[in-house]
Amino acid sequence: MVGITVGDSSLPELLRFGVAMSVVLRDMPQRPLLVVSSDMNHFADVATTDRLDSLALTAIATRDPELVYETVRQNRISMCGMAPCVVVMETLRWLGCLNRCESVGRATSADAGGPVDRVVGYAGLLFA
């Protein structure tokens, strides 16, 4: 397992990182599983979090890393893993492996009994 931390970066930097990572991975006989860990929106009320998470998840479902970046930035969605999401999506795109996006779960901290006025969103997605 190799962990990579991706900080706040510009879209061109993130896309270049994705291309570079695809070059490293493309000739591997068995490609590794790429995992992005991120909360969705943070600390808004349930309705706002649901709306903002829906915007981000809709962008992710398009499989367009540039749209993900623009959607999260323009809507001020506090998705802490947006940058690694963009990098991995671009990597997969260059590897020819970004053919579909499947949602496997979605919830908020309120669903687990937390307060409804200050929640964190969560989602599980698989790319293939």
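The values are calculated or read from the model by the stated rules, or taken from the named source; none is laboratory data. Remember, predicted model here, so these are calculated numbers, not experimental data. Methodologically, a virtual Cβ is constructed for each residue, glycine included, from the backbone with ideal geometry; neighbour enumeration extends over all protein chains shown. SASA here: full protein model, heavy atoms, side chains in, ligands and nucleic acids out. Shrake-Rupley method; radii C 1.70, N 1.55, O 1.52, S 1.80 Å.
Assorted remarks:
- Of residues in the range 41-54 being open to solvent by 60 Å² or more (accessible area, probe 1.4 Å) and of a type outside the set (D, E, K, R), the one nearest to Val120 (Cα to Cα): Phe43
- Taking the range 28-128 and the strands (runs of 3 or more DSSP E) fully enclosed by it, the elements with 2 or more residues that are touching a Leu at 6+ places or on another chain (Cβ under 8 Å) are at 101-108, 119-127.
- Only listed residue being in contact with a Cys (Cβ under 6 Å, 6 or more places away or on another chain) and open to solvent by less than 40 Å² (accessible area, probe 1.4 Å), chosen from Ser9, Ser22, Ser38: Ser38
- Filtering the range 99-120 to residues that are under 20 Å from Leu55 (Cβ atoms), free of Cβ contacts under 8 Å to residues at least 40 places away in the same chain and of a type in the set (A, V, I, L, M, F, W, C) leaves Val104, Ala107.
- Condition check for Val86: touching a Phe, Trp or Tyr at 6+ places or on another chain (Cβ under 8 Å) and of a type outside the set (Phe, Trp, Tyr): yes
- Restricting attention to the range 108-122, the residues that are hydrophobic (A, V, I, L, M, F, W, C) and open to solvent by less than 40 Å² (accessible area, probe 1.4 Å) add up to 3.
- Qualifying residue in the range 55-74 (condition: open to solvent by 80 Å² or more (accessible area, probe 1.4 Å) and hydroxyl-bearing (Ser, Thr, Tyr)): yes
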